[in-house]
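Below is one structure, written out as structure tokens; comments come after it.
The values are calculated or read from the model by the stated rules, or taken from the named source; none is laboratory data. Nothing here was measured: the structure is a model prediction, and the numbers come from that model. Reconstructed Cβ throughout: ideal geometry from the backbone, glycine too, with neighbour counts over all protein chains shown. In case anyone asks, the SASA skips ligands and DNA or RNA and just uses the protein heavy atoms, side chains included. Shrake-Rupley method; radii C 1.70, N 1.55, O 1.52, S 1.80 Å.
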Amino acid sequence: KEQFELGLFENPYVDPNRAAYVVGNPSFQRKADLAQRKSIVLLQNKMTLPLAQPKEQDTLRIFTMGMNTAMFKEGAWSNYKVTSGDYNKTKGETLPAITEETDFAIIRIQVTTDGGSDRRFGGASPDELNFLSFSEMAKSNSWKISPSLDDIQTIMKTVGPDKTILSIDFRQPYVLDEASGVRNAAGILATFGVSDAAVMDIIMGKFNPTGKLPFALAKTSSAIVKQDPDAPGYPEEDTLFPFGFGLTYK
């Protein structure tokens, strides 16, 4: 219906003059940036967020993984000393050293599947479809956590869980199982395909988090397997974060 109302069948071709105005329109981009920030859900905050803005004479030392550190070279971030922990394992590289002076670690986590030659539309292998906890996915063949759970755990141990902030992109309702250690992080954000700048605006308190979970998160993978498929959410004892959950600073 929407495609018919837009006239895509009668006139499917792009007007190049109109496209030049629409694509990259600053007004549209501002609305898109706002939508990204509104979508971020603050799941956990152990009195750490928002981080205090460094004073003019001070420096905030941050160790990151999964972020484009080029953004920190801009004027607004001049008081940040950022070290990227990203590396190429296939080239024999290893996790860079984390200095004792590091104030905080910020890790953006992405979960993907390898698709596999026998799976035309991608996804996990049939025998690993129920592997939704971080511990299970880390040991599987068809799920990939980036950065690896080993690296996440190493960073949290080195910097300290009370100084580690995790930003997890929830393409699916993953299980933050206790064994993985991710729940020990001082701050946990649920994101849905947002930019690094949007995440940093939440972390630094430039934008007050208002996002709410679009689904419930279970405590264990077994809770998902035994869940009645026609029932919303999970029983209270199996629920880590309910549908519509979201913390705020104010």
Charge dipole (debye, nearest 20) of the chain; +1 at Cβ of Lys and Arg, -1 at Cβ of Asp and Glu: 580
In Hz, Karplus ³J(HN,Hα) per residue of the stretch 79-92 (6.51, -1.76, 1.60; θ = phi - 60°; x = Gly, Pro): 8, 10, 9, 10, 10, 8, x, 5, 8, 9, 5, 5, 9, x
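Where does each of 48-56, 209-217 land if you order them by average Cβ count within 10 Å, highest first?
Numbers: 48-56: 14.2, 209-217: 18.8.
Taking the mean over residues of other Cβ atoms within 10 Å, the ranking is 209-217, 48-56.
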Kirkwood Rh and Cα Rg combined as Rg over Rh, evaluated for the stretch 1-109: 1.15
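Nearest 5 is fine: what % of DSSP beta bridges in the chain come out antiparallel, could you say?
35
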Percentage of interatomic Cα-Cα distances in the chain larger than 25 Å: 52
Spatially proximal lysines relative to residue 89 (Cα-Cα < 18 Å; intrachain offsets below 8 disregarded): 139, 144
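Could you check how much of the accessible area of the chain is carbon and sulfur, as a whole percent, using a 1.4 Å probe?
Values: 7550 of 14670 Å².
Carbon and sulfur: 51 percent of the exposed surface of the chain.
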Derived scalar couplings ³J(HN,Hα) [the stretch 11-18; Karplus, 6.51 cos²θ - 1.76 cosθ + 1.60; whole Hz; x for Gly, Pro]: 9, x, 8, 7, 7, x, 5, 5
Residues of the stretch 137-244: accessible area per residue with a 1.4 Å probe, Å²: 45
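Quick check on my link table: of 31/212; 46/212; 91/157, which ones sit more than 21 Å apart, alpha carbon to alpha carbon?
Working: 31/212 19 Å; 46/212 18 Å; 91/157 25 Å.
Distance filter (> 21 Å) returns 91/157.
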Largest-first principal axis extents, alpha carbons of the stretch 98-189, Å: 48, 22, 19
Karplus-derived 3J(HN,Hα), 6.51/-1.76/1.60, for each residue of the stretch 217-230, Hz, glycine and proline x: 10, 7, 6, 9, 5, 5, 5, 5, 5, 8, 5, 5, x, 9
Sequence-distant residues sharing a close amide H with residue 167 (under 5 Å, placed H): 107, 108, 109, 189
Nitroxide proxy distance, nm - points 7 Å out along Cα→Cβ at residue 215 and residue 192: 1.1
